[in-house]
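Take a look at the structure set out below.
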Amino acid sequence: MSRYLDSVCKLCRREGEKLFLKGRRCLGPKCSFERRSYPPGDHGQKPPTRARGDFRRQLRTKQKAKRIYGIFEKQFRNYYFKAARQTGITGENLIALLERRLDNVVYRLGFATSRKQARQLVKHNHFTVNGKRVNIPSYLVEVGDVITPREKSRENITIQEALEFSKQRGAPEWLEIDSDKPEGRVQGAPIVEHIASELNTQLIIELYSK
């Protein structure tokens, strides 16, 4: 399976905003975007020579969504086609599918400081869904599912530090977290209004509809 091995800070600089891909580091003075907010590469500090047309805005929005959720083109495209086949608004369906990924839910619940860290914890068998061990980051949770660290993982220093750090940001309304147990529950379906990141999903739909 392919992985992105380059600096993730370049992705924030390329999109021109913080995507919070490195957890707490993004909030501190060591954040690369704070020190170099211009795009990476030899020509990053030079003014753009191309007009920002519709295609460019559509492409940048799609790239931003892929980088926020840490997935590649083939998988993202599959999510789009799955969302298009569902009833309702395709853009909202797409965001709901991405939000329901187990690695994203682990991050949203505060068990990890970034989605990348959450994906690693899930792969290393640290979490269960409804009491059953799940190590697939793309696993889609359902309403009523209970996500908990495994018994021997509850003392994991990474998870404990993440829970302490997450108290600053809390969890979205569609998730419920009990940090004392610790345990998380899916209370409802995610909707676009619950997503902190500003993503114009209509631009993504227009891009794939061509």
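Computed from the coordinates by the stated procedures, all read-outs in this text should not be read as laboratory data. Please read these numbers as outputs of a predicted model, since none were measured by experiment. Cβ atoms come from the backbone with ideal geometry, glycine included; neighbour counts cover every protein chain shown.
Here's how it looks for PHE127: its modeled amide H is under 5 Å from those of VAL134, ARG150, which are all 5 or more places away or on a different chain.
Relative contact order, whole percent, for segment 70-128 stands at 22, derived from Cα pairs under 8 Å and 6 or more residues apart. Loop-located GluC sites (Glu not before Pro) across segment 69-158 with a Cβ neighbour count of 11 or fewer within 10 Å are GLU142, GLU155, with loop assigned by DSSP. Can you tell me the mean projection area, over all orientations, of the convex hull of segment 130-210's alpha carbons? Units nm², please. Directional mean of the projected Cα hull area for segment 130-210 stands at 7.1 nm².
List the trypsin sites (Lys or Arg not before Pro) within segment 65-153 that fall in a DSSP loop (any state other than H, G, I, E or B) and whose Cβ has at most 15 other Cβ atoms within 10 Å. Of the trypsin sites (Lys or Arg not before Pro), the ones in loops of segment 65-153 whose Cβ has at most 15 other Cβ atoms within 10 Å are ARG150. What shape does segment 95-162 take by its C-alpha gyration tensor, where a ≥ b ≥ c are the square roots of the eigenvalues and a/c under 1.5 counts as rounded, a/b above b/c as prolate, and the rest as oblate? The shape class here is oblate.
Is segment 45-147 best put as rounded, prolate or oblate by its Cα gyration tensor, with a ≥ b ≥ c the root eigenvalues, rounded for a/c under 1.5, and otherwise prolate when a/b is larger than b/c, oblate when not? Here segment 45-147 falls in the oblate category.
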